[in-house]
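Notes follow once the structure below has been shown.
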Amino acid sequence: MDIAAQSIDGGFADPVFNAQTVFRAVMDAMARPGSVQPLPAFARPPAPLSATAGAIALALCDNDTPLWLDPALQASAAVKSWLGFHTGAPLANTPADAHFAVIANPAEMASLDGFSQGTQDYPDRSTTLILQVSDLVSGAPLLLEGPGIETPATIAPAQMPRHFVEQWKQNITRFPRGVDLILAAPDGIACLPRTTRIKTMEA
Amino acid sequence: MTDIATYNFAYLDEQTKRMIRRAILKGIAIPGYQVPFASREMPMPYGWGTGGVQVTASIIGPDDVLKVIDQGADDTTNAVSIRAFFKKVANVAVTTETAKASIIQTRHRIPEHPLSAGQILVYQVPIPEPLRFLEPRETETRKMHALEEYGLMHVKLYEDIAKHGRIATTYAYPVKVEGRYVMDPSPTPKFDNPKMHRSPALQLFGAGREKRIYAVPPFTDVVSLDFEDHPFEVQTFDQPCALCAAENVYLDEVILDDHGGHMFVCSDTDHCEKRRADGHRGHLAPETSETHSTPEKLEPAQ
């Protein structure tokens, strides 16, 4: 299939209700860190962008939100033109300019503090990172506590960034500044807002 | 299916919804912080809940069940018109029963019936900035939040004690969220403040005129500000509801005549009606034709 067709195919079949469903899944995951919100595959973006990450981008991004893509996605002309056609989001030149960042390969990603952290006055002006992970059960378990969590919850996302626990600890110390993570697995979403503390990590 | 042009689902256009949804996510990630958003003109005046309506319109889906309350009541103008609005523009199911609703939009009360996980409480907020009456400049209050400089609020509460012998603030009583941001719980009576603490429901706040959205995720610490020697206290009432005999609920005073006659009744109409349907009678409950049971019936164990 040529690029023009690839960039047009695979958007939301029902933009209003699909976007609402995706947003509610993200909102519930953000409000209850550690919970996994199931999400049917609404979007069919070109590889290496995953269906879940693509759907989140369609639901939240538009021409107001500069988008940063990691090198794996950056290399795909089809992904760039698909996101461009369906969201209209401009591509950010640097991670620090991005409102959203989509990371296809979290294990290789640049450090979290390279993204926009917001300011002390406006901590909301930070980057929200959408990390594509293959699943939420096979990685190193993370024991989570903080707002939204009744009893400590565990998720074990695969392919997380290097030294993630240490990086996350630094992210928390910057509060109220910091980045928020949306973990996009093939069958569901989990979130790590900047308030979530990782209690311990077992190998 | 109709042929005439119609509104987008839930009235707002999709770009506006995305903008509000992004603000809601940021609000949840930074509990108690007021996220600026580009509030839209709504087909109702500011002060009638345009902030809450925009938040509800951005989160609601066809499967949701909506309840709207105004000062606890399901049947007052604001509640009825907002409920009718969403019935019309989103075609969603509406209810007056707290337990059956998935989204509850509220003006100035938290329902008496405990909220459950999965429910969303949307507050209509007139003045989101708790420091506004102490410091009118937005640039300054923003700095105070940034530096976590809340001494002024404690001075205000202290002046209450110096003047009145107790903290005289009874509504919009300031709270601290997760030990960081001081937040205005909207003008709810302070009676409702303890219900916000570690509530299983997600709480979203929308201020349309002031263009701010903020949030309290479930199971988040919400602590009312106080002093060691003047701890936070809620209002108490020396008589039960005159219609349903409920105690430990928030009561409204209703004037009955121009000779000083009055009665105290539940502000939460759904709670009051449920109790009366269960046979609870207050001392002013009307003798209904559909005879329920004996007025002196014992209250069953909870």
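Points worth noting:
- If you look at the Cα atoms of the range A:25-74, you get an Rg and a Dmax of 12.2, 31 Å.
- The range B:236-288, relative contact order in percent, only Cα pairs under 8 angstrom and at least six apart counted: 43
- Cα-based shape type of the range B:93-248, given that a ≥ b ≥ c are square roots of the gyration tensor eigenvalues and the cut on a/c is 1.5: oblate
- Förster radius 51 Å - calculated FRET efficiency between A:Leu143 and B:Lys163 (Cβ-Cβ, nearest 0.05): 0.55
- Residues B:Ser224, B:Ser186, sorted so that the one with the fewest Cβ neighbours within 10 Å comes first: B:Ser224, B:Ser186
- Looking at chain A, the pairs of alpha carbons with a distance over 20 Å make up 53% of the total.
- Summary value for the range B:1-154: 21 percent relative contact order, contacts being C-alpha pairs under 8 angstrom separated by 6+ residues.
- As a size descriptor, the averaged projected area of the C-alpha convex hull of the range B:1-157 was calculated at 11.2 nm².
- The local environment of B:Ala38, defined by Cβ-Cβ distances under 15 Å, has a net charge of +3 under the rule Lys, Arg +1 and Asp, Glu -1.
- Taking 13 Å as the straight-line reach from the Cα of B:Lys17, the aspartates and glutamates in range (excluding those fewer than 8 positions away in the same chain) are A:Asp62, A:Asp64.
- Computed over chain A, the per-residue total of -39500 (n - 2.57) for DSSP H runs of n ≥ 4 gives a 222 nm mean residue ellipticity of -8500 deg cm²/dmol, rounded to 500.
- Note on the range A:51-125 and the range B:81-112: Cα centroid distance 36 Å, given to the nearest whole angstrom.
- Computed [θ] at 222 nm, helices only, for chain B once each DSSP H run of length n ≥ 4 contributes -39500 (n - 2.57): -7500 deg cm²/dmol
- Taking label positions 7 Å along the Cα-Cβ direction at both B:Tyr46 and B:Glu233, the computed distance is 3.8 nm, reported to one decimal.
- Lys, Arg +1 and Asp, Glu -1 on Cβ, resulting dipole of the protein assembly as shown about Cα centre, debye, nearest 20: 1100
- 19 Å cut-off, amide nitrogen to a point 7 angstrom out along B:His113 Cα→Cβ, residues in the range B:67-88: B:67-76, B:79-80, B:83-84
- Bridging of B:Lys195 to lysines at a Cα separation below 16 Å is possible for B:Lys176, once same-chain residues fewer than 8 apart are set aside.
- Charged neighbours of A:Pro123, selected by a Cβ distance under 10 Å, balance to +3 (K, R count +1; D, E count -1).
- Between A:Leu129, A:Leu49, A:Leu144, the residue with the greatest mean-square fluctuation in the GNM of chain A (Cα pairs under 10 Å linked by springs) is A:Leu144.
- Cα gyration tensor category, rounded, prolate or oblate, for chain B with a/c compared to 1.5: oblate
- Positive minus negative residues near A:Gly54 (Lys, Arg vs Asp, Glu; Cβ under 13 Å): +1
- Here the average projected area of the convex hull drawn through the C-alpha atoms of the range B:221-278 stands at 6.4 nm².
- Candidate lysines for bridging to B:Lys274, where Cα separation is under 17 Å - those fewer than 8 sequence places away on the same chain excluded: B:Lys67, B:Lys100, B:Lys297
- In chain B, Cα pairs under 8 Å separated by at least six residues give a relative contact order of 19 percent.
- Taken about its Cα centre, chain B carries a charge dipole of about 1300 debye when Lys and Arg each add +1 at the Cβ and Asp and Glu each add -1 at the Cβ.
- Relative compactness, the protein assembly as shown, computed as alpha-carbon Rg over 2.2 N^0.38 Å: 1.04
- Between B:Gln71, B:Gln105, B:Gln235, the Gaussian network model of chain B with springs among Cα atoms under 10 angstrom shows the greatest mean-square fluctuation at B:Gln235.
Readers should treat all values here as calculations from the given coordinates under stated rules, not as data from a laboratory. All figures in this text were calculated on a predicted structure; none of them were measured in a lab. Here Cβ is always computed from backbone atoms with ideal geometry, including for glycine, and neighbour counts include all displayed protein chains.
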